[in-house]
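What follows is a single structure, written as structure tokens, with notes after it.
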Amino acid sequence: MQRTLRNKLGLVLGPVLAALTYWSMSPGGDGSASFSMAAVAAVTAWMAVWWITEAVPLGATALLPLVLLPAFRVQTTAEVATAYAGDLIFLFLGGFLVALAIEESGLHRRVALGIVAAMGDHPRRIVFGFMLATAALSMWLSNSATTMMLLPIAVSVLIHADSRGGRAHQNFGVALMLGIAYGASIGGVATIVGTPPNAYFRNEFAKEFVVRGAPDFSFGGWMLMALPMAALFLAVAWWLLTRFLFPIKPGPLFGGSDVIRDELRSLGPMSRDEWVMAGIFATTAALWILREPVTGWGWAPMLGVGRETIDGASRVWLSDGAVAIAMGLVCFIAPSTARPGRGILEWRATARMPWEVLLLFGGGMALAASMKASGFATYAGGALADALRNLPAVAQVALCGGTMTAATEMTSNLASVQISLPILKEAALANGRDPRLLMLPTTLAASWAFMLPVATPPNAIVYGSGRVAIRDMIKAGFVMNALGIVLILVATFALAVPIFDIQTTGAPEWSNLSADSTESPFDSQ
């Protein structure tokens, strides 16, 4: 792809800003930081500029720590490289394998069509059906893959509606396209594996605090907190899109649901491969949710592979990442009836694996580790703590969430979270607050940016359909962004605080303890 002016400017601005940052922060500049802290700040600035401007592919930018951190003598190459093979990487690798197997079997298309067909021949209900299908699938599959899967189905409905209703259904087309994009983003926050920032936050929190005795964010606990919030947001977003932002006239769509039913009938009865993948998917979800939803209870503790304290440090012998890899292997082993003599999942399908996301995770974790090792996170957190010190908890959460939403409009949500979480953690500790109070809502806000095509892949995909004007996306996205921040604020104090016992007026005891080990409790030895 040919580089744009923005790409070219970013290519030069990244290293230039890194050099200026290093010079201004190092003892040779104003003496306010050590050489290691200045080096980490420089690498962070370089990566942020390249991520924002997409000067090079995002995954390529994520490899910079492997070169720059050893060059600045912050960490050795071996130390940096361990971040690219952590448990979180394998959690998503296994999850992607199961998702690819579902696509190979065709089950994903049947589920989506079935949900939409149940909505009936009414434009508002059809929009809700697509939003519900997108959100439900995005809880478990990639937001991008889900959006790309449902887009051609939605376009076929719109073509049919255009032939029957002409321009009378113009608002229906805009609402349907935006509904799919927004459904993917909203549904993704409902599970830990639904969107990369969720899993990254859980991993980083566990690495830093669960080893000190903090309670973990279990799969089931996360859903108990996030699913009601996502369900409410989905319903309100549908109402706003179809009745306020792009009002759709009531009445039948003149055969819109017939298109869906025809497509569903053309699939025929469920194949054996689809039944097998339905079972594998249900088993994977059950294993994740029931592994250890409450400390000391679940199938993992029963089998002796749950959480255990060894030499003062908490360990988890068999993690969600191990479950994901195990079920991914099952997909390779399970025989296919559609392709006799082969597995349901074949290695050729991994060509569609989002390897860039895995590299993004690795680069972000390497950057976070260097921030901690050099002291830069504490340095930057202290500055942020001074800015937040006199604000009440509600204002701090709202400010952090709103800032993250704005930042994610221009850059990767995962990249934004990777840069901000170490700083927010230190800011909370410096102010004597529970670090979860700032880290959790900021993570959720990173996935809810709706205004611009570059904000999220689902936005870009539906914008590329040609059915959505940029002004329509900005108009609707502004409302969605504001609503998302309000819902995150409410959910934080109404759901997350009681479910996870988050303190709003002080810091828990475990936050002041020293960790005997910096190894993630998800890592098995």
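None of the figures in this text is laboratory data; all of them are computed from the coordinates on show. These figures come from a predicted structure and were not determined experimentally. Don't worry about glycine lacking a Cβ; one is built from the backbone with ideal geometry, like all the others, and counts go over all protein chains shown.
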ask   = GLU346 versus TRP297, label points 7 Å from Cα toward the beta carbon: distance in nm?
value = 4.6
query = Can you sort TRP317, TRP355 by how many other beta carbons sit within 10 Å, fewest first?
reply = TRP355, TRP317
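At a Förster distance of 30 Å, what's the computed FRET efficiency of GLN2 paired with ALA406, Cβ-Cβ distance as r, to 0.05? Show your work: numbers first, answer last.
Details: r = 29 Å, r/R0 = 0.96.
The pair GLN2/ALA406 has a calculated efficiency of 0.55.
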ask   = At 25 °C and 0.890 mPa s, what whole-number value in µm²/s does Stokes-Einstein give for the translational diffusion of the range 75-512, with Rh from the Kirkwood sum over Cα pairs?
value = 109
key: Helix axis angle, 219-239 relative to the chain longest principal axis, alpha carbon, degrees   = 50
note = Computed over the chain: longest principal axis from alpha-carbon atoms vs helix 87-105 long axis, angle to nearest 10 degrees, is 10
request  = Show which lysines lie in cross-link reach of LYS249 when reach means a straight Cα distance below 23 angstrom and same-chain residues fewer than eight apart are skipped.
outcome  = LYS475
ask   = Counting each DSSP H run of 4 or more residues in the chain as -39500 (n - 2.57), what helix-only mean residue ellipticity at 222 nm follows after dividing by all residues, to the nearest 500 deg cm²/dmol?
value = -21000 deg cm²/dmol
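For the chain, what does the relative contact order come out to in percent, with C-alpha contacts under 8 Å and a separation of six or more? Walk me through the intermediate numbers first.
Values: 886 pairs, mean separation 113.2, N = 525.
With pairs under 8 Å counted, the relative contact order is 22 percent.
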inquiry  = What are the ³J(HN,Hα) couplings of the range 40-47, residue after residue, when phi is run through the Karplus curve with 6.51, -1.76, 1.60 and θ = phi - 60°? Round to Hz, x for glycine and proline.
reply    = 5, 4, 5, 4, 4, 4, 4, 5
Lysines with Cα under 30 Å of LYS207, excluding same-chain neighbours fewer than 8 positions away = LYS372, LYS425
note = Stretched fully, the stretch from THR337 through ALA460 gains (0.36 nm per residue minus C-alpha distance, one decimal, in nm) 40.6 nm
Fully extended contour minus Cα-Cα distance, from LEU11 to SER24, at 0.36 nm per residue = 2.6 nm
query = Which values of log₁₀ I(q)/I(0), to two decimal places, follow from the Debye formula for the range 296-373 at q = 0.11, 0.21, 0.24 Å⁻¹ with a uniform point scatterer at every Cα?
reply = -0.54, -1.02, -1.07
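Run the numbers for ALA482 and ALA286: contour at 0.36 nm per residue of separation, minus the present Cα-Cα distance, in nm.
Details: separation 196, 0.36 × 196 = 70.56 nm, distance 3.43 nm.
Stretched out fully, the ALA482 to ALA286 stretch lengthens by 67.1 nm.
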task = Report the calculated FRET efficiency for ALA71 and SER34 (r = Cβ-Cβ distance, R0 = 22 Å), to the nearest 0.05.
result = 0.85
note = When ARG471, ARG261, ARG212 are ranked with the fewest other C-beta atoms within 10 Å first, the list becomes ARG471, ARG261, ARG212
key: Amide H partners (placed H, <5 Å) of ARG315, local residues excluded   = GLU308, THR309, ILE310
ask   = Alpha carbon centre of the range 423-469 versus the range 1-76: separation in Å?
value = 22
key: Ascending count of other beta-carbon atoms within 10 Å, so fewest first, for HIS122, HIS108   = HIS122, HIS108
